[in-house]
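Data block below; observations after.
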Amino acid sequence: MNNIDPVIKKETKFIALVVLILSALMQAVFLIIGLWDLPVLFGNILGGVVGILNFFFMGLGLQSALKKETADAKQTAKFSQTMRNLMIVVTIVIAVFVSWFNLASTAIAIFFPTIGVFVKAFVINKKGGNKE
């Protein structure tokens with residue numbers, strides 16, 4: 001863990017916080033509309049963890065690619081993206097076939113980091129909240 005760039009650690013922590021907040025909101029929505037059950041919770045946890053891991057592995061892949069020559073960097077980035085996409089597909093397949101997981105809550109939670117990236121880029125940074 002020592003060779004992981006501090007920016008990757010910091011941004012992953014921010015994304016994890018966003019996923020936690022959005023997960024709580026999603027649980028509340030499922031509860032309010034009367035569709036909450038344990039598979040919703042388990043799907044949310046699965047999707048949230050996979051979403052955070054996807055973001056973290058993207059950062060590691062880019063960190064690794066930046067240390068290489070152009071051709072090798074492209075290959076490293078492409079391999080990283082392929083493996084991360086495979087992780088997402090496997091997660092969705094698990095949610096479809098394993099009754100412990102609600103497909104909707106799993107799929108929605110996987111994309112919570114995307115909302116976190118949007119919030120960080122267009123809301124927080126535009127207001128001057130990031131003084132790095």
- Message: I'm checking my understanding of the structure. Among residues of region 69-89 that are open to solvent by 70 Å² or more (accessible area, probe 1.4 Å) and either among the hydrophobic types (A, V, I, L, M, F, W, C) or in contact (Cβ under 8 Å) with a residue 60 or more places away in the chain (or both), which one is nearest to PHE111 (Cα to Cα)?
- Response: VAL89
- Just name the residue that is modelled with the lowest pLDDT out of those in region 107-132 that are open to solvent by 80 Å² or more (accessible area, probe 1.4 Å) and among the charged types (D, E, K, R). GLU132
- Query: Within the group PHE42, PHE30, PHE56, which residue is touching a residue at least 60 places away in the same chain (Cβ under 8 Å) and open to solvent by less than 70 Å² (accessible area, probe 1.4 Å)?
  - Reply: PHE30
- Message: For region 5-12, check the following and say yes or no: at least one residue is of a type in the set (A, V, I, L, M, F, W, C), closer than 23 Å to LYS120 by Cα and out of contact with any Ser or Thr (no Cβ under 8 Å at 6 or more places or on another chain).
- Response: yes
- Task: Report, by residue number, each residue of region 90-106 that is open to solvent by 30 Å² or more (accessible area, probe 1.4 Å), in a helix (DSSP H, G or I) and among the aliphatic types (A, V, I, L, M).
- Result: VAL90, ILE92, VAL93, ILE94, VAL96, LEU103, ALA104
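The values are calculated or read from the model by the stated rules, or taken from the named source; none is laboratory data. Please read these numbers as outputs of a predicted model, since none were measured by experiment. Methodologically, a virtual Cβ is constructed for each residue, glycine included, from the backbone with ideal geometry; neighbour enumeration extends over all protein chains shown. Just the protein is used for accessible areas: all its heavy atoms, side chains included, with ligands, DNA and RNA removed. Shrake-Rupley method; radii C 1.70, N 1.55, O 1.52, S 1.80 Å.
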